[in-house]
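The values are calculated or read from the model by the stated rules, or taken from the named source; none is laboratory data. Source: prediction; values computed, not measured. Cβ placement follows ideal geometry from the backbone for every residue including glycine, while neighbour counts extend to all protein chains displayed. For accessibility, only protein heavy atoms count, side chains too; no ligands or nucleic acids. Shrake-Rupley method; radii C 1.70, N 1.55, O 1.52, S 1.80 Å.
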Amino acid sequence: MKLPIQTIINVTKRIAIYLAAFFVAITVNFILPRLMPGSALITLLSMLQGAIGEYGANSALVSAEIKQIEEAFGLTPQPWYIQYADYIKGIFTGNLGASITFYPTNVAKIVFPSMIWSMGLVVVSSIVAFFLGSWLGSIAAIKRRSVTDTVIVVIISILATIPAFVIIMYLEMGFSVNLKIVELTFPNIKSMNLKTFLSLLNFYSVPVAGMVLSLLSGFVLGMRNNMLHTLRDNYVYYAELLGLSENTIRKIVYRNSILPNITGITLIIGLAISAALTVEGLLTIPGAGYFFGLSLTSRDLPLIQGYFLVIVVLLLVSIAIAEILYGLLDPRARGGAS
């Protein structure tokens with residue numbers, strides 16, 4: 001089937017926009033970490049250089065190690081554009097370099113396994129918050145100006161002001177420390193079996209619940225405002241005149257009001273990733289947040305760049321998926337129609 005010219009033009013424009021955003025992001029990723037004062041690598045080299053005087057006869061071996069480290073991290077004198085070219089080449093070849101903190105481990109071997117835990121927390125929390133928040137928002141809208149509406153809005157407004165890690169901290173104090181229902185420490189995983197899986201579910205119940213409560217406000221208030229606007233449409237008045245029940249009308253208006261929330265989930269995922277970084281550091285979950293915190297405190301440039309790169313790619317992909325879903329659900333968005 002031949003695609004319309006306008007559709008091809010619009011798809012090409014979108015691809016160009018995403019590619020431009022990607023290159024701007026990785027360029028910022030190249031520049032900003034190099035502006036950070038100090039470096040863990042300098043400390044590492046100083047220790048090795050000090051070892052020359054300590055070991056004497058083995059100084060040649062230590063000097064060779066220093067030279068190898070300098071070459072591995074690109075410390076040999078080079079113009080910035082050559083460093084940038086090597087940086088771009090490393091991205092597209094999958095060679096993100098060696099971590100300074102965990103030298104000589106490759107950055108990819110740290111970033112990708114840790115992102116599995118982080119994305120599990122972020123994706124599950126975001127999806128639950130999306131559906132639960134959209135449902136609560138629809139209830140508040142259909143019950144507008146009632147006690148139910150007031151209670152939902154007040155509670156959600158309060159939750160919006162509390163960071164995710166604070167909510168999780170109080171939940172952990174209640175369910176882990178006092179009631180001892182939920183495990184406080186990340187389970188020791190040697191092999192994945194039913195017992196390990198249940199331990200993970202038990203441990204993650206509090207972080208997921210805390211993340212969901214933190215992310216709810218955007219979906220609840222967004223759905224409520226969208227539905228309040230849609231409830232003034234003529235077809236809703238017609239449905240009321242036909243004697244349709246309140247719940248039936250809510251379901252009809254819900255489907256027509258959920259589209260902006262689908263777009264908003266991309267922004268929520270970005271917020272969830274940033275919250276997850278703090279939560280994982282707090283609970284010592286071996287995810288991106290834990291290792292990213294270590295990379296910041298030790299000024300591990302390759303590891304910082306590796307995490308930033310993966311997070312940027314995930315955000316761009318999530319935005320693209322939301323845009324595709326929006327186009328599938330709303331025919332007006334197809335082909336660039338407004």
If amide H atoms are built 1.01 Å from N in the plane of the peptide, which residues on other chains or at least 5 residues away come under 5 Å of the amide H of F102? none
At 1.4 Å probe size, put R145, R224 in order of accessible surface, largest to smallest. R145, R224
Pop a pseudo-label 7 angstrom from the Cα along the beta-carbon direction at both T196 and A16 and give the gap in nm to one decimal. 4.9
For S205 and S245 in one chain, what is 0.36 nm times their gap in residues minus the Cα-Cα distance, to one decimal in nm? 10.8 nm
Summed residue charge, Cβ within 14 Å of E183's Cβ, Lys/Arg positive, Asp/Glu negative: +1
